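Everything on this sheet refers to the single structure shown next.
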């Protein structure tokens, strides 16, 4: 199988690339990303990396024939400012259209798309099931759901089979320093007597990076020959963890004596989307996938990678 992975220089993409190269050693894998090079590029002989911007529309660096497209590139920022809405739309919707065009012309059998839990933004009923989707209240969710809809239309038209993974809050080694857990680790590691955080009771479905990568591996194993058109699958833990709980686990590992203070909710614009919990019944039925890394173990591994 020829496999193309976009976003290969990103947090999730680099891990998915490594897992794909390890699990499918006889498959040529091309990783595509905007960085000039990968600092932790998979050493596997079947993996090569191409630096480019997919949005330029020049995809002649990709193979003429491909079996699987894994599209992870995009703008994953939540609650972007008003003047950034169009930029995020281009990164998420237009880039998906370009990759879908390429997949169809190259004869791809399967298109795996990285969607987000934010397609459920504005939905207050937990846990989120795949059939709960309404019109999202956040631009990230709106652009991702638009891309899902376009892929489903192409799949039903017979261009390729498609799976959209609606992914929870991903964390682990290699995550951006701008994300909540790395920031929390940094605050708790400082010599300051008090570590201050935002609202304590916001709940998210935190899923470890290796578990997310394995969802893609299982999809390649089980969906290529499957009789279906399109699937949307939640990738989470079916567990809503509060900020307070996560901070306490981190503090117990880093500095049990640290004083911790939590603030109040000030960003009224994002109140429409505070709590997340993903029902993972469907992905278990379709792929046999469940997360293997507990939040406690995952946070220990993450601390070790940052401290």
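Once the cut-off is 26 Å, how many percent of the Cα-Cα pairs in segment 14-137 end up in the long-distance tail? Across segment 14-137, Cα pairs with separations above 26 Å total 31 percent. At what distance in angstrom do the alpha carbon centres of segment 134-183 and segment 27-105 lie from each other? The two parts, judged by their Cα centres, are 14 Å apart.
Placing one equal scatterer on every Cα of segment 76-151 and applying the Debye formula, the log10 ratio I(q)/I(0) at q = 0.21, 0.24, 0.26 Å⁻¹ is -0.92, -1.08, -1.18.
Here the contact order of segment 187-304, divided by its residue count and restricted to Cα pairs under 8 Å and six or more residues apart, works out to 44 percent.
In percent, rounded to a whole number, the relative contact order of segment 75-175 is 37, using alpha-carbon pairs under 8 Å and six or more apart.
Using R0 = 25 Å, the C-beta based FRET efficiency linking residue 255 and residue 179 works out to 0.80. By the helix-only formula, in which each DSSP H run with n ≥ 4 contributes -39500 (n - 2.57) and the sum is divided by residues, the chain has a 222 nm mean residue ellipticity of -10500 deg cm²/dmol.
Explain nothing, just the number: relative contact order of segment 1-115, from Cα pairs under 8 Å at least 6 residues apart, as a whole percent. 29 percent. Kirkwood hydrodynamic radius computed over segment 173-282 comes to 16.4 Å, based on all pairs of distinct alpha carbons. With the cut-off at under 20 Å, measuring from each backbone N in segment 134-150 to a point 7 Å along the Cα-to-Cβ line of residue 83 picks out 139-140. In the chain, the longest principal axis of the Cα atoms and the axis of helix 243-254 are about 80 degrees apart.
Computed from the coordinates by the stated procedures, all read-outs in this text should not be read as laboratory data. Nothing here was measured: the structure is a model prediction, and the numbers come from that model. Note that each Cβ is placed from the backbone with ideal geometry, even for glycine, and that neighbours are counted across all protein chains shown.
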